[in-house]
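Every read-out reported here was derived from the displayed coordinates using simple, explicitly stated rules and does not represent laboratory data. Computed from a predicted structure; not experimentally measured. Virtual Cβ from ideal backbone geometry, glycine too; neighbours counted across all protein chains shown.
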Amino acid sequence: MEIINNEALSQCIREAVRAELQEHFRTGSTLPPQEEQLLSKQELAAELGVSLVTLTDWMKKGLPFLRMHKRVYFKKSEVLKIMTTKN
């Protein structure tokens, strides 16, 4: 007997994660030190002073990124690490 199907479960999980993220950004709370905040493409491009086109080109060349539900995010520590080792 199936109580909840996979699609319904996936939808519930997505909604719960979305609600938590909205709450986090609404309250402006910071993440604990052991967890690293993820930067969007726009945030990282602004922080590095480069265009989105340049950032996309760097991604094609190996800049580490995470894809979550059609969105791209970067761990700042990973970006800094790869930028300092590629010199």
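Here are a few things to note about the model shown:
- Computed over neighbours whose Cβ is under 14 Å from that of residue 54, the net charge equals +1, Lys and Arg +1, Asp and Glu -1.
- Each principal axis of the Cα atoms in the stretch 31-87 has its own extent, and those three values, largest first, are 31, 28, 19 angstrom.
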